[in-house]
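To start, I am sharing the structure in question, which I have written as structure tokens.
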Ligand code: GAR
């Protein structure tokens, strides 16, 4: 049997994507284990859930560090103590330094609640509605130095409804995040992703797009 892949998940709050990954990893018997959930916010709700599930947890409070570099250095130490094969950003709301991103190059995934390259940054659903978009969605991508860019692993698109507000749209997109993020992490730990330049191919030919309504 191949060695179990070690996954560290970083969160800042609720952690619903983290939960989806932990649950599917266990229920589907991936060749992987979520060895730790770490947060920059000691009070993050997701930490309590992870601890209840018997997953190791930790916090590196960004407020205790004078600079982004110092915080990222401490975070890297906490992550590397777990010897991860993959680091998963799941609602981790900190901008990472180039040194951090370089250290985890090729083993750092993020989910962003828009159809990148549209709407990098914050308030994606509000901006999509203000723009009059008829389609919104979420993107799983490898992290590179440029914020919310990087090779795209999977995307889910949802139709924008005439009566949508920010919350209703966010909820429908989040439901699809819980589909594509566990799927993407599973592909990674199974060695099913091939990174060729800026393109990510699923070796088994699986669909990397979800079109929801
Ligand atoms: C998710 O919608 C995720 O896409 C978004 O934060 C939410 C976290 O929810 N991430 C970003 O905006 C990153 N820039 P969760 O804590 O319940 O997974």
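Sorting 16, 168 on the 10 Å Cβ count, fewest up front, what's the list?
Lowest count first: 168, 16.
Given springs between every Cα pair under 10 Å in a Gaussian network model of the chain, which of 136, 128, 70 has the largest fluctuation?
Result: 70 has the largest fluctuation of those listed.
Follow-up question, since we're still on this one. Nearest-5 percent of antiparallel DSSP beta bridges in the range 73-181?
80
More than 20 angstrom separation, counting every C-alpha pair in the range 1-160; what % is that?
Percent of Cα pairs beyond 20 Å in the range 1-160: 52.
Starting from the Cα-Cα distance between residue 211 and residue 131, subtract it from 0.36 nm times their residue separation and give me the gain in nm to one decimal.
26.8 nm
Using Cα springs under 10 Å in a Gaussian network model of the chain, which residue among 177, 166, 130 shows the largest mean-square fluctuation?
130
What is the order of 39, 114, fewest Cβ neighbours within 10 Å to most?
Going from sparsest to densest Cβ surroundings: 114, 39.
Once a ≥ b ≥ c are taken as the square roots of the eigenvalues of the Cα gyration tensor of the range 1-77, is the result rounded (a/c under 1.5), prolate (a/b larger than b/c) or oblate (a/b not larger than b/c)?
oblate
Using just the helices of the chain, give the 222 nm mean residue ellipticity in deg cm²/dmol: DSSP H runs with n ≥ 4 each add -39,500 (n - 2.57), and the total is spread over all residues, rounded to 500.
For the chain, the value works out to -10500 deg cm²/dmol.
Quote the relative contact order of the range 1-105 in percent (integer), defining contacts as alpha-carbon pairs under 8 Å separated by 6+ residues.
Computed value for the range 1-105: 36 percent relative contact order.
Below 8 Å, C-alpha to C-alpha, sequence gap of six or more: please give me the relative contact order for the chain in percent.
Relative contact order, the chain: 19 percent.
In a Gaussian network model over the chain where Cα atoms closer than 10 Å are linked, find which of 181, 65, 104 has the largest mean-square fluctuation.
For the chain, modelled as a Gaussian network with Cα springs under 10 Å, the answer is 65.
What is the range 97-213 by shape, rounded, prolate or oblate, if you read a ≥ b ≥ c off the alpha carbon gyration tensor as root eigenvalues and call it rounded for a/c under 1.5, prolate for a/b larger than b/c, and oblate otherwise?
Taking the square roots of the gyration eigenvalues as a ≥ b ≥ c, the range 97-213 is oblate.
Right, here's the next one. Can you give the FRET efficiency for residue 67 and residue 105, using 1/(1 + (r/R0)^6), R0 = 25 Å, r = Cβ-Cβ distance, to the nearest 0.05?
0.70
Read-outs: derived from the displayed coordinates by stated rules, not from any lab. Quantities reported herein were computed from a predicted structural model and do not represent experimental measurements. Neighbour counts are summed over all protein chains in view; Cβ atoms, including those assigned to glycine, are modelled from backbone coordinates with ideal geometry.
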